[in-house]
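Below you'll find the structure, written out as structure tokens, and then a few comments.
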Amino acid sequence: MSGFDSSVFAQGGAILWVLLALGVLGVMLFIERTLYLHRGQIRAKAFVDGVKNILGKRRLIEALTVCEETPGPVAAVVKAALLHADDPAEAMRFHVQEAAIVELPALERRIGALAAIAQVAPLVGLLGTILGLISTFRAFEQAGPYAMADRLSHGMWQALLATAASLMLAVPAHLAHHFLSGRVRAIVRDVEWSGNEIMKYLLTDYRGERQGGDLPVGEVVVRK
């Protein structure tokens, strides 16, 4: 296996090493983001229901402690609402939205780098293809009509391997970016639902206030 790898990289030229470095970086980013998002995604409905049960017993400090001990943006948004449980509806909504906006960049961090790798990899492969063709035509020019196949094959190998390697990197990078973006969208939906749900609870059941009709809590929107 090691002999095969060394021969492939020898024939592919320096471009394959660039693509290899991009691939290793992409794998590291994907693993780190997957673990981070997995840690931050909780069962929002079960969490909010648990906080409601605690608040139903008028244990606000205990509910805040649960939020402190729970990782992820859902808990941060619920905590922001609890810290301002006695504020007017507009003030509470402002603080909940502020907490959500603070959490959003952390969710999206480094995901754009995967998209960049997916977009740049084919361009790097195209560069390797062109360099390989240049090498082939140069061999033609130097050897004239008596150019041997082994002199011409080196450039062709470089061109083909660069193209193949770039596509092998770009396709999974696109899929990884799509997967992580979906996870982020799911967490954002949980954040929006949790913020709205806890605000409605605090303004009605917890305070004993019935606003009638549509509650003036608005809607927590954290999408860009």
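Please treat every number below as a calculation from the coordinates, not as lab data. What you see is a predicted model, and the numbers here were worked out from it, not measured in a lab. Cβ sites come from the backbone with ideal geometry, for glycine too, and all protein chains shown count toward neighbours.
Observations on the model:
- Think of the stretch 15-206 as a dipole: +1 on every Lys or Arg Cβ, -1 on every Asp or Glu Cβ, centred on the Cα centre; then among Phe30, Leu160, Thr129, Leu160 lies furthest on the positive end.
- Overall form of the stretch 15-206 per C-alpha gyration tensor (a/c, 1.5; a/b vs b/c): prolate
- Segment Asp86-Arg189, extension gain: residue separation times 0.36 nm, minus the distance between their alpha carbons: 34.5 nm
- The calculated FRET efficiency for Ala164 paired with Phe94, based on their beta-carbon distance and R0 = 45 Å, is about 0.25.
- If R0 equals 30 Å, the separation of the Cβ atoms of Phe137 and Trp17 corresponds to a calculated FRET efficiency of about 0.80.
- Size of charge dipole - the stretch 81-126 - debye, nearest 20, with Cβ of Lys, Arg +1 and Asp, Glu -1, no other charges: 400 debye
- Of Ser135, Ser181, Ser166, the sequence from fewest to most neighbouring Cβ atoms within 10 angstrom is Ser181, Ser135, Ser166.
- Stretchable slack from Glu68 to Ala46, in nm (0.36 nm times residue separation minus alpha-carbon distance): 6.3 nm
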